[in-house]
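The values are calculated or read from the model by the stated rules, or taken from the named source; none is laboratory data. Values in this document were obtained by computation on a predicted structure and should not be read as measured data. With ideal geometry, Cβ positions are generated from the backbone for all residues, glycine too; neighbour counts draw on all protein chains shown. Keep in mind that these areas ignore ligands, DNA and RNA; they rest on the heavy atoms of the full protein, side chains included. Shrake-Rupley method; radii C 1.70, N 1.55, O 1.52, S 1.80 Å.
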Amino acid sequence: MTAPNDTLGRPLKDLRISVLDRCNLRCTYCMPEESLNGRGVFLPPHHLLSDGEIEFLARVFATLGVHKLRLTGGEPLLRPGFNELVGRLSPIPGLTDLALTTNAVLLPRNAIALKTAGLTRITVSMDSLDDKVFRDMAGGRGSVQEVLDGIAAAETAGFEQLKINTVVQRDVNDHTIMDLISHFRNTGHTVRLIEFMDVGNVNHWDRNLVVPSAELLKSIHDQWPLRPVASQAASETARRYEFVDGAGEIGFISSITEPFCGDCTRARITANGVFYSCLFSAHGTELRDKIRAGMSAEEMAAEIMGLWSKRGDRYSELRNRLPRRQPHVEMYRMGG
Ligand code: SF4
């Protein structure tokens, strides 16, 4: 039983579950400290999906054709029992790719357990190698060394080909990108440069702060010649390039200047069990209480197929035509 395509002919293939909305950093483009107004806006524990509820949903989506599950947050490694949760999800039939997005600060104490639990891939968020720039973008928290230690721990645990996600902002960290690229060349890890996006409602997004990928591509190519690499799947978010000198790959995620909604096969579930069909959605469908009310796997599958079949999202393609910034769910809730 596979979910029907959505109204734009896109299949349901990828699921992202935010397992926690809390984080140990305060990245300015996601959860700026001032937006929290010094008060807890985070979900109380009993509002969070339990491990069993996450497993229930993952199994249902896997029966509908989802093979890639990405665990996001907030910071997923802050969730108590996260490694055990991974161990419950990795054996699910059909789920061939179980990935994690993390800021890596807590990887040194978790990497080996995650590998043993069956995690397949790790993406690390890292915006600069310059410690002052890093801390300015992370709300004065964390450090470059902590992230590098996390990456080293992942390597020691046997994870290879990490993705390094870097949000680029003009006059904030764009002047440090070449150093970051240089550092990860010949490591097997792939830096993906992400155009600053108008996610959520609190990151003071401004188009003038966006550095178009084409601009970065040119400056990198001038230093280290690049050639395009064919994508393995149309739904890949990054446009891939490899260094002609064999030093590896880099990628560009260009939601602002080169939107990729046409091939978007991603569904999202927040930490409190709300289904969203787009990163920029404002409205979702509550699933948690349906599970708690005893909804069966078959009934949940029918619910999700119904939601997906009505999907028509293509926000990034429409962004320029929209009168003003639209309200969105916060990034740390939606899980990126
Ligand atoms: S804007 Fe929405 S539909 Fe477009 S690629 Fe992003 S998540 Fe998919």
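If you go through the stretch 215-233 and keep only what is of a type in the set (A, V, I, L, M, F, W, C) and exposed (fewer than 12 other Cβ atoms within 10 Å of the Cβ), you end up with Ala230, Ala233.
As a summary of the residue check, Glu236 satisfies the conditions (1) open to solvent by 50 Å² or more (accessible area, probe 1.4 Å); (2) farther than 25 Å from Leu64 by Cβ except for the one numbered (2). State the number of residues belonging to the stretch 148-165 that are surrounded by 15 or more Cβ atoms within 10 Å (Cβ to Cβ) and outside any helix (DSSP H, G or I). Matching residues across the stretch 148-165 total 5.
Can Ile304 be described as farther than 29 Å from Ser213 by Cα and open to solvent by less than 20 Å² (accessible area, probe 1.4 Å)? Judged against the criteria, Ile304 is a match.
Criterion applied to Ala62, Ala117, Ala111 was being open to solvent by less than 10 Å² (accessible area, probe 1.4 Å) and not hydroxyl-bearing (Ser, Thr, Tyr), and the one residue passing it is Ala111.
Would you mind stating whether Gly335 is in contact (Cβ under 8 Å) with a residue 24 or more places away in the chain, within 12 Å of the ligand (Cβ to nearest atom) and buried (at least 19 other Cβ atoms within 10 Å of the Cβ)? Against the criterion (in contact (Cβ under 8 Å) with a residue 24 or more places away in the chain, within 12 Å of the ligand (Cβ to nearest atom) and buried (at least 19 other Cβ atoms within 10 Å of the Cβ)), Gly335 qualifies.
With the condition kept exactly as written, say whether any residue in the stretch 18-29 is among the hydroxyl-bearing types (Ser, Thr, Tyr) and open to solvent by less than 10 Å² (accessible area, probe 1.4 Å). Yes; the residues of the stretch 18-29 include at least one that is among the hydroxyl-bearing types (Ser, Thr, Tyr) and open to solvent by less than 10 Å² (accessible area, probe 1.4 Å). Taking the listed residues Phe159, Phe56, Phe82, the one that is under 30 Å from Glu298 (Cβ atoms), within 20 Å of the chain's Cα centre (by Cα) and aromatic (Phe, Trp, Tyr) is Phe82, with no other qualifying.
Inspect all residues belonging to the stretch 295-318 and state whether any of them is among the basic types (Lys, Arg) and assigned to a helix (DSSP H, G or I). No, there is no match, as no residue in the stretch 295-318 is among the basic types (Lys, Arg) and assigned to a helix (DSSP H, G or I).
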